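A.B. asks: Before anything else, here's the structure in question.
The values are calculated or read from the model by the stated rules, or taken from the named source; none is laboratory data. Remember, it's a predicted structure, so these values are computed and weren't measured experimentally. Counting neighbours? That spans all protein chains shown, and the Cβs are built from the backbone with ideal geometry, glycine included.
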Amino acid sequence: MALISRGFRGRRQSAETAGRLPPGQYETRDFPVLSAGPTPRVPLTTWNFTLQGADGTTARWTWEEFIALPRQTTTTDIHCVTKWSKFGTVWEGISVDTLLSEAATKGVKSSPYVMARSDGGYATNLPLADVMGGKAWIAFMYDGAPLAPEHGGPARLLVPHLYFWKSAKWVRELRLMESDAPGFWESLGYHNYGDPWREQRYAGDE
Amino acid sequence: MNRVDTPQRIVWRLATVVDVVPETARTRTIVFDVPEWPGHRAGQHVDVRLTSADGYQAERSYSIASPPEDSRLALTVEKLEDGEVSPYLSDDLRAGDQIELRGPIGGYFVWDVSLPGPLLLVAGGSGIVPLMAMLRHRDVALERAGALARHQVPTRLLYSSRKWDEVIYRDELARLAEKDATVEVTHTLTREQSPEWTGFRRRIDRAMLEQVAWPASERPRVFVCGPTPLVESVAGTLVDLGHEPERVKTERFGPTGGSA
């Protein structure tokens, strides 16, 4: 039983808001920026995206090739481990399913885990199942406009059912792995999986 | 990198308020006694959880202001007028009250005196708090080590506030710089200055960083904390000036377009 803070009422939430908020989260209308370092800037002429199999086989797209792939638009709530949630965000990008099937035609074999790697050295690990089945995208448009650099542009991973640190900004590569390994925040005390509905913020949270 | 096999859960602890110290009109420091606090590193933060009588809970993160050497844990909280948790911490909480908190959290935006070389701290507003933990830690840890040790971690702080009355830890920063020649504190006041103010009177820009910061060739460790536009601008400019991105660690708060 939690300690009751005498006199604390908190914000009264509508039932709809309360139902959309994972435990410990609050709704924001802003779009806060959380990054561990400077925002990397890579010109689109040198940008490319790589999907690499555990055996080193790769599929690679230039920016032009990448944005010519079949696009999807998704509207979703997002949840940051620093407690804010934002409802109804609109993204456009390429489904990871599309990338995986394109890569399969180039000989990239599936593996149970994936490491997303970004410009600037950031990385985050996920089970492959969590980026398949219409659950993850490489997004390059936000709210109808090109994704701003501080929010991860030119392109970021979008895995909205997990805490947003898993949605790696400035993503450049998905590297498939036979066994799991921790990424950046996962090595620094944050939860390995990060389900907001189970409040898996930090290592050791159940 | 190796997996941590059985991570310890970061448990909620009952913290008792032992002191409340006003800092500025909008900020105050709350000092807690936290039984069995596992210790922390300068730059880390805690999660605070409040529960209302009907069971509703709100959580927020606050940077730790006290150095690891202190037996008590200090948080400096800025009251946000439209905030949910900070008004309670700012107006209602008093000595003897208890709240729940857990931590320490965050293993990247951290510094300790074992890391050699120049240290550059850049703060905007209440972004000073985790940097103050670093300055306090540096002061306490090097107290006995003497001048040579201090010279191995020469430190510069560039601190942007709107006005002089909003400078958090103002007197303590002056004392630190006064007693220790290897700590330099530079203020800039962006919105309001007294007629006798001779310091910077604008937002941090490239020219100011060139003047105040260690040059990139000195390879300082850099920590930048403040509102998003300030941090974006400062971190980007430092990279433009040749600082290695991996030596520039940032912590941002607020939205993209928020005012500094």
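A.B. asks: With the condition kept exactly as written, say whether any residue in segment A:48-56 is out of contact with any strand residue (DSSP E or B) (no Cβ under 6 Å at 6 or more places or on another chain), more than 14 Å from chain B (Cβ to nearest Cβ), surrounded by fewer than 14 Cβ atoms within 10 Å (Cβ to Cβ) and at pLDDT 95 or above.
C.D. replies: Within segment A:48-56, one or more residues are out of contact with any strand residue (DSSP E or B) (no Cβ under 6 Å at 6 or more places or on another chain), more than 14 Å from chain B (Cβ to nearest Cβ), surrounded by fewer than 14 Cβ atoms within 10 Å (Cβ to Cβ) and at pLDDT 95 or above.
A.B. asks: For segment B:197-208, give me the residue count where each residue is assigned to a loop (DSSP other than H, G, I, E, B) and buried (at least 19 other Cβ atoms within 10 Å of the Cβ).
C.D. replies: Going through segment B:197-208 one residue at a time, the tally reaches 1.
A.B. asks: A further question on this structure: Only residues that are buried (at least 22 other Cβ atoms within 10 Å of the Cβ) and either charged (D, E, K, R) or touching a helix residue (DSSP H, G or I) at 6+ places or on another chain (Cβ under 6 Å) (or both): list them for segment B:61-73, please.
C.D. replies: Across segment B:61-73, the qualifying residues are B:63, B:64, B:65.
A.B. asks: Going through segment B:183-215 one residue at a time, which ones are without any contact (Cβ under 8 Å) to a residue 40 or more places away in the chain and within 19 Å of the chain's Cα centre (by Cα)?
C.D. replies: Once the filter is applied, which keeps residues that are without any contact (Cβ under 8 Å) to a residue 40 or more places away in the chain and within 19 Å of the chain's Cα centre (by Cα), segment B:183-215 yields B:184, B:185, B:186, B:187, B:188, B:189.
A.B. asks: Mind checking which residues of segment B:79-100 are more than 9 Å from chain A (Cβ to nearest Cβ) and crowded, with 21+ Cβ neighbours inside 10 Å?
C.D. replies: Listed by number, the list holds a single entry, B:89.
A.B. asks: Is it the case that some residue within segment B:216-225 is more than 13 Å from residue A:39 (Cα to Cα), under 17 Å from the mean Cα position of the chain (by Cα), at pLDDT 95 or above and of a type outside the set (A, V, I, L, M, F, W, C)?
C.D. replies: yes
A.B. asks: Give segment A:88-114 a look and list any residue that's buried (at least 16 other Cβ atoms within 10 Å of the Cβ) and more than 23 Å from residue A:176 (Cβ to Cβ), or say none.
C.D. replies: Within segment A:88-114, A:89, A:91, A:92 meet the criteria.
A.B. asks: Restricting the first residue to segment A:6-25 and requiring it to be more than 24 Å from residue A:81 (Cβ to Cβ), which pairs with a second residue that is part of a loop (DSSP other than H, G, I, E, B) and modelled with pLDDT of 85 or more meet a Cβ separation below 6 Å and a spacing of at least six or different chains?
C.D. replies: A:9/B:52
A.B. asks: When only residues in segment A:15-35 that are more than 7 Å from every other protein chain (Cβ to nearest Cβ) and surrounded by 14 or more Cβ atoms within 10 Å (Cβ to Cβ) count, which is nearest to residue B:57 (Cα to Cα)?
C.D. replies: Residue satisfying both the conditions and the ranking: A:25.
A.B. asks: Ok, one more. In segment B:232-250, which residue that is closer than 14 Å to residue B:124 by Cβ and more than 8 Å from chain A (Cβ to nearest Cβ) is surrounded by the most Cβ atoms within 10 Å (Cβ to Cβ)?
C.D. replies: Among them, the one singled out is B:234.
A.B. asks: Could we say that residue B:39 is outside any strand (DSSP E or B), under 20 Å from residue A:80 (Cβ atoms) and either touching a residue at least 24 places away in the same chain (Cβ under 8 Å) or not basic (Lys, Arg) (or both) here?
C.D. replies: No, not satisfied.
A.B. asks: Here's a follow-up. All but one of (1) touching a residue at least 24 places away in the same chain (Cβ under 8 Å); (2) not in a loop (DSSP other than H, G, I, E, B) hold for residue B:10; state the number of the condition that does not hold.
C.D. replies: (2) is the only condition that residue B:10 fails.
A.B. asks: Testing residue A:28 on (1) closer than 27 Å to residue B:226 by Cα; (2) hydroxyl-bearing (Ser, Thr, Tyr); (3) under 18 Å from the mean Cα position of the chain (by Cα), one condition comes back false. Which one is that?
C.D. replies: (3)
A.B. asks: Also, quick follow-up: Can you pull out the residues in segment A:1-14 that are among the hydrophobic types (A, V, I, L, M, F, W, C) and buried (at least 17 other Cβ atoms within 10 Å of the Cβ)?
C.D. replies: A:8, the sole residue that qualifies.
A.B. asks: Same structure again: Going by what's in this entry, would residue A:82 be described as surrounded by fewer than 16 Cβ atoms within 10 Å (Cβ to Cβ), outside any strand (DSSP E or B) and among the polar types (S, T, N, Q)?
C.D. replies: Answer is no for this residue.
Residue by residue, here is whether (1) under 15 Å from the mean Cα position of the chain (by Cα); (2) at pLDDT 95 or above; (3) closer than 25 Å to residue B:163 by Cα holds:
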{"site": "B:45", "(1), (2), (3)": "yes, yes, no"}
{"site": "B:54", "(1), (2), (3)": "no, no, no"}
{"site": "B:64", "(1), (2), (3)": "yes, yes, yes"}
{"site": "B:67", "(1), (2), (3)": "yes, yes, no"}
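A.B. asks: Also, I was wondering about something else. So for segment B:42-55 (the condition being more than 12 Å from chain A (Cβ to nearest Cβ) and either outside any loop (DSSP other than H, G, I, E, B) or of a type in the set (Gly, Ala, Ser) (or both)), does at least one residue qualify?
C.D. replies: yes
A.B. asks: Which one is surrounded by the most Cβ atoms within 10 Å (Cβ to Cβ) among residues in segment A:115-149 that are in contact with a helix residue (DSSP H, G or I) (Cβ under 8 Å, 6 or more places away or on another chain), over 15 Å from residue A:86 (Cβ atoms) and within 14 Å of chain B (Cβ to nearest Cβ)?
C.D. replies: Checking each candidate, the answer is A:124.
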